Each structure stands twice: as structure tokens, then as C-alpha cells.
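The values are calculated or read from the model by the stated rules, or taken from the named source; none is laboratory data. Computed from a predicted structure; not experimentally measured. Every residue, glycine as well, gets a Cβ built from its backbone with ideal geometry; the counts of neighbours run over all protein chains shown. Just the protein is used for accessible areas: all its heavy atoms, side chains included, with ligands, DNA and RNA removed. Shrake-Rupley method; radii C 1.70, N 1.55, O 1.52, S 1.80 Å.
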Amino acid sequence: MIREYEEKDLEEVLSVWADASELAHSFLSNEFLASERKSISEIYLPNAETWVFEVDGCVVGFISLLGNEVGGFFVDPKRHGHGIGRALMDHAKELRENLEVEVFSANSIGRAFYDKYGFILLEEKIHHQTGFDLLRLRLAVNKSL
């Protein structure tokens, strides 16, 4: 079930993020990830429109939108391949005309999902905080279809 994020979901959202990041972002330093974890709870979640996917009362995935930007999109790795990511992205697609996202080039899991979903490359740049390649992608959505 997809529902709006509530403050009580914070620890579960952070747990999903940490588990998914450990798998998809293993190339990032522990210091950077610790900084991001703090920013998620203090900056990103309070300023984003976030939706969670809940199974049996537990948050197993989430997507955060900042306007048309997918600011955060993570699914518990134990639930990969069960359609949760697609359901969350479908929900975001219903809410926004055009979605954009940035993904690390080294994140093969995220890149494979976005490619399969139909995102296209807009630009490639260097992520200044980490020095890794970052891809900016866009999904054009025609709501009249």
C-alpha cells in the first residue's frame, strides 16, 4: 500500500535507505553516508513530498519528490523485484508531468531500474562532494494518454 509519509515513519525510512545504500552505493565513504543520513532526516524529508510503500504495517520503500525531482527513491533490498519500485515510480508519475532524477553512474542497480522504466540521459557531471560521475535523467510523461 502506498501512503503519505508521516513523522512516525522516520526510523523505518532511514533503515530502508541504509540497507539499500549499502547495496547500491557501496562505493561511497562511510563519512559521506553518515552525513547524508543526517541530511535526510533534518533537511530532505521535512522539505519533500514523500510517499512510502507499506507491507504488513512496515515501510519497505519510499520515494521523495522535490517538485519534479526524485530526491530519494529506495526499496528494501530484500523486496527488490517485487514491483514496489515500479509502484512507487508509477505513483510519482501520476503526480508530476515530468520527472527528473540524478543517479551515480556506479549505481548499477539504480541505473538498470531507470533504464528499464524509460528514463533518458540529460547530462553527465561530477558529483562535487564525492568525485563520482553523476547522471541526470528525465522521464517525459504524457498525462493525456
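One residue alone among Glu54, Glu42 is charged (D, E, K, R), surrounded by 15 or more Cβ atoms within 10 Å (Cβ to Cβ) and either over 12 Å from the mean Cα position of the chain (by Cα) or part of a loop (DSSP other than H, G, I, E, B) (or both), and that residue is Glu54. Reported count of residues in region 1-18, each being assigned to a helix (DSSP H, G or I), of a type in the set (A, V, I, L, M, F, W, C) and open to solvent by 80 Å² or more (accessible area, probe 1.4 Å), is 0.
Taking each residue of region 1-21 that is within 16 Å of Met89 (Cα to Cα) and in contact (Cβ under 8 Å) with a residue 40 or more places away in the chain and looking for partners that are open to solvent by 60 Å² or more (accessible area, probe 1.4 Å) and among the aromatic types (Phe, Trp, Tyr) with beta-carbon atoms closer than 7 Å, six or more apart or interchain, yields nothing. When restricted to residues that are out of contact with any Pro (no Cβ under 9 Å at 6 or more places or on another chain), among the acidic types (Asp, Glu) and open to solvent by 50 Å² or more (accessible area, probe 1.4 Å), region 19-39 contains 1. When residues in region 127-145 are screened for being at pLDDT below 95, open to solvent by 60 Å² or more (accessible area, probe 1.4 Å) and not small (Gly, Ala, Ser), 6 of them pass.
Residues are listed down the side, and each one gets a yes or a no for (1) without any contact (Cβ under 8 Å) to a residue 12 or more places away in the chain; (2) closer than 18 Å to Ser15 by Cα; (3) of a type in the set (Gly, Ala, Ser):
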{"position": "Gly72", "(1), (2), (3)": "no, yes, yes"}
{"position": "His80", "(1), (2), (3)": "no, yes, no"}
{"position": "Gly85", "(1), (2), (3)": "no, yes, yes"}
{"position": "Leu95", "(1), (2), (3)": "no, no, no"}
{"position": "Leu99", "(1), (2), (3)": "no, no, no"}
{"position": "Glu102", "(1), (2), (3)": "no, no, no"}
{"position": "Gly131", "(1), (2), (3)": "yes, no, yes"}
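Once region 76-119 is narrowed to residues that are modelled with pLDDT of 95 or more and in a strand (DSSP E or B), the residue that is most open to solvent (accessible area, probe 1.4 Å) is Glu102. Kindly indicate the residue of region 1-46 that is of a type in the set (Lys, Arg) and farther than 20 Å from Ala87 by Cα and also modelled with the highest pLDDT among those meeting that condition. Out of the qualifying residues, it is Lys8.
Can you tell me which of (1) assigned to a helix (DSSP H, G or I); (2) within 14 Å of the chain's Cα centre (by Cα) is the one Phe73 doesn't meet? Here Phe73 meets the rest and fails (1).
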